[in-house]
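Sharing a structure, written as structure tokens. Questions coming.
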Amino acid sequence: MSSTSEGRSPVVVIGSGPAGMATALALHKVGHTPIVLERYREARPAGNILNLWPPPIKALREMGVDITDLGAPCHTTFRGVHGNVRADVRIPDDVVRDYGGGFIGLLRPELYRRMLAAMPADVIRFGTTVVSLEDRGDDVRVTLGDGEVIDAGVVVGADGIDSMVRTHLWGASDKREHRLQIVGGYTFADVPGAERNEVVLRHDRTVQGTYSSIRDGGRDGFQWWVLQAWDPEAPAPADLRAHALGLARRFPGPLAGLVEATADDACQRWMIRDRKPIPRWSRGRITLAGDAAHATSPYAAYGAGMSIGDGYTIGQELAGLDLTDTAGVHAALSRYDDRRVAHTTAQVQQAYVLGQVFHHAPAPLRPLRDFVLDHTPLLQKQVGERTPGEIVAQLAEMGDGLRGRA
Ligand SMILES: Cc1cc2nc3c(=O)[nH]c(=O)nc-3n(C[C@H](O)[C@H](O)[C@H](O)COP(=O)(O)OP(=O)(O)OC[C@H]3O[C@@H](n4cnc5c(N)ncnc54)[C@H](O)[C@@H]3O)c2cc1C
């Protein structure tokens with residue numbers, strides 16, 4: 001096993017997205033020596049718009065990330081096209097108070113800045129691509145693009161939806177096309193009617209139009225997105241902002257004004273895809289975290305949040321462990337799977353189903369669907385009550401934080 005200057009075998013983390021950074025921060029906090037290998041020359045946020053739920057905020061705080069004023073605290077409602085509330089997501093007051101305001105709206109580069117600021121020097125090696133892995137029983141041999149070899153106690157594949165680590169462990173799998181397109185952006189303009197500290201998520205028969213308060217570097221603003229069915233083979237709209245504006249105008253209120261106030265270069269588009277969840281992530285000394293383990297539709301607004309939760313849990317499970325203890329490492333990674341797989345699988349599947357129900361329901365069923373959502377407590381029960389319940393349960397499951405070695 002390679003040893004570090006302190007004489008311990010390193011944990012190699014592949015990828016420096018939210019999952020990789022969180023894993024490294026948590027491992028460092030509990031006394032291990034992480035090395036993050038990132039193929040790009042810098043940590044590159046994939047886009048801008050982001051909301052985070054309280055569990056990742058708790059995890060970030062425990063990892064030593066400054067969460068002060070990280071985002072705009074938001075209260076969330078699901079509404080019909082005319083603004084009628086279908087579900088009111090009320091996070092308990094003590095959770096809102098204890099975790100930076102509850103559900104927060106922010107821009108992704110700010111999250112990266114905060115996580116990088118907490119990262120010890122020299123943990124991340126940029127411009128480094130991993131080309132192969134070999135679990136040799138007592139360690140894992142990691143081979144880099146330039147031929148260098150690192151022998152690690154544990155390897156965490158935090159290498160995103162196209163994870164080579166997942167393919168290495170569990171074989172190739174197809175991406176699941178949701179046949180959905182999301183166009184989103186942000187602005188710091190003051191737009192009449194836009195409610196501060198709210199996420200206003202609305203659906204008409206086929207389109208979702210949402211805006212959320214954000215805070216970024218001490219400035220208040222708004223992010224927004226429009227989401228609709230889209231053929232993955234079809235070309236992207238030529239003018240993203242004009243396309244988004246056309247959809248936003250279907251929703252009375254400030255959404256169209258927010259799109260109009262957005263600069264072209266603050267507007268982005270994504271096709272939504274995930275991979276079907278797998279029953280286990282870890283094998284031997286190698287495991288997965290983040291999108292590599294559970295690529296998730298943005299319908300959950302939880303992919304990055306769950307990635308951060310994975311890193312936190314890996315830190316907890318490897319705390320105090322001698323990485324030369326092969327049986328101990330296997331058992332710790334197995335406990336990590338036990339704690340994370342079912343929870344994240346449920347989120348991935350719920351996000352997939354919501355996308356299908358709201359955007360791919362057959363046309364004759366849509367009026368019935370909307371009648372039920374407008375006139376029964378179904379969405380309130382499914383989303384308005386279930387989400388806060390799950391958040392509270394998740395916070396409890398996370399326990400008392402990250403403890404260093406005795
Ligand atoms: C439009 C949109 C909106 C979203 N909104 C939200 C939201 O509101 N809230 C939320 O929680 N989540 C949201 N998500 C989901 C979230 O963005 C992802 O779940 C999250 O970025 C996953 O983080 P990750 O670290 O697992 O992967 P990534 O961010 O993809 O990072 C993987 C890293 O691994 C590196 N890498 C890959 N292969 C190698 C290799 N062989 N060697 C070295 N490095 C490698 C890559 O360069 C990359 O830096 C949204 C996603 C989209 C598309």
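The values are calculated or read from the model by the stated rules, or taken from the named source; none is laboratory data. For clarity, every value in this text was computed on a predicted model and none was experimentally measured. With ideal geometry, Cβ positions are generated from the backbone for all residues, glycine too; neighbour counts draw on all protein chains shown. Calculation scope for accessible area: heavy atoms of the full protein, side chains included, ligands and nucleic acids excluded. Shrake-Rupley method; radii C 1.70, N 1.55, O 1.52, S 1.80 Å.
If I ask for residues that are within 15 Å of the ligand (Cβ to nearest atom), free of Cβ contacts under 8 Å to residues at least 40 places away in the same chain and out of contact with any strand residue (DSSP E or B) (no Cβ under 8 Å at 6 or more places or on another chain), which ones from the stretch 114-167 would you list?
Matches in the stretch 114-167: ASP146, GLY147, GLU148, ASP162, THR167.
Among the numbered criteria (1) farther than 23 Å from ILE286 by Cα; (2) more than 13 Å from the ligand (Cβ to nearest atom); (3) not in a helix (DSSP H, G or I), which one does ARG41 miss?
Answer for ARG41: the failing condition is (2).
Every residue in the stretch 373-406 that is outside any helix (DSSP H, G or I), over 15 Å from VAL95 (Cα atoms) and touching a residue at least 60 places away in the same chain (Cβ under 8 Å), please.
Scanning the stretch 373-406 gives GLY401, LEU402, ARG403, GLY404, ARG405, ALA406.
I need the full set of residues from the stretch 188-234 which are among the polar types (S, T, N, Q) and open to solvent by less than 60 Å² (accessible area, probe 1.4 Å), in order please.
THR206, GLN208, THR210, SER212, SER213, GLN223, GLN228, listed by residue number.
Exactly one condition in (1) open to solvent by less than 20 Å² (accessible area, probe 1.4 Å); (2) in a strand (DSSP E or B) is not met by PRO73; state its number.
(1)
Same structure, new question: Show the residue pairs meeting these rules: Cβ distance below 7 Å; 6+ apart or different chains; first residue within the stretch 36-51 and over 22 Å from PHE188 (Cα atoms); second residue outside any strand (DSSP E or B) and near the ligand (Cβ under 6 Å from one of its atoms).
VAL36/SER16; VAL36/GLY20; GLU38/GLY15; GLU38/SER16; ARG39/THR129; ALA43/SER16
Can you tell me which of (1) open to solvent by 40 Å² or more (accessible area, probe 1.4 Å); (2) assigned by TED's automatic domain parsing to the domain that holds THR344 is the one THR33 doesn't meet?
Exception for THR33: condition (1).
For the stretch 237-293, give me each residue that is at positive phi and touching an Asp or Glu at 6+ places or on another chain (Cβ under 7 Å).
Within the stretch 237-293, GLY284, GLY290 qualify.
Return the only residue of ALA59, ALA87 being open to solvent by less than 10 Å² (accessible area, probe 1.4 Å), in a helix (DSSP H, G or I) and touching a Phe, Trp or Tyr at 6+ places or on another chain (Cβ under 6 Å).
ALA59
Could you identify the single residue in GLY31, GLY83, GLY47, GLY17 that is in contact with a Ser or Thr (Cβ under 8 Å, 6 or more places away or on another chain) and not hydroxyl-bearing (Ser, Thr, Tyr)?
The unique qualifying residue is GLY17.
Count, please, the residues in the stretch 256-265 that happen to be assigned to a helix (DSSP H, G or I), hydrophobic (A, V, I, L, M, F, W, C) and open to solvent by 10 Å² or more (accessible area, probe 1.4 Å).
The qualifying residues number 1.
Kindly check whether there is at least one residue in the stretch 109-118 that is touching a Pro at 6+ places or on another chain (Cβ under 6 Å) and open to solvent by 30 Å² or more (accessible area, probe 1.4 Å).
yes
Could you give me the residue pairs with C-beta distances under 8 Å whose first residue belongs to the stretch 277-288 and is open to solvent by less than 30 Å² (accessible area, probe 1.4 Å), whose second residue is of a type in the set (Ser, Thr, Tyr) and at pLDDT 95 or above wherever it lies, and which are 6+ apart or on separate chains?
Close Cβ pairs (under 8 Å, with a partner that is of a type in the set (Ser, Thr, Tyr) and at pLDDT 95 or above) amount to TRP281/THR287; TRP281/TYR336; SER282/SER334; SER282/TYR336; ARG285/THR326; THR287/TYR336; LEU288/SER163; LEU288/SER282.
If we keep just the residues of the stretch 92-103 that are modelled with pLDDT of 95 or more and in contact with a helix residue (DSSP H, G or I) (Cβ under 7 Å, 6 or more places away or on another chain), which is nearest to ILE35 (Cα to Cα)?
VAL95
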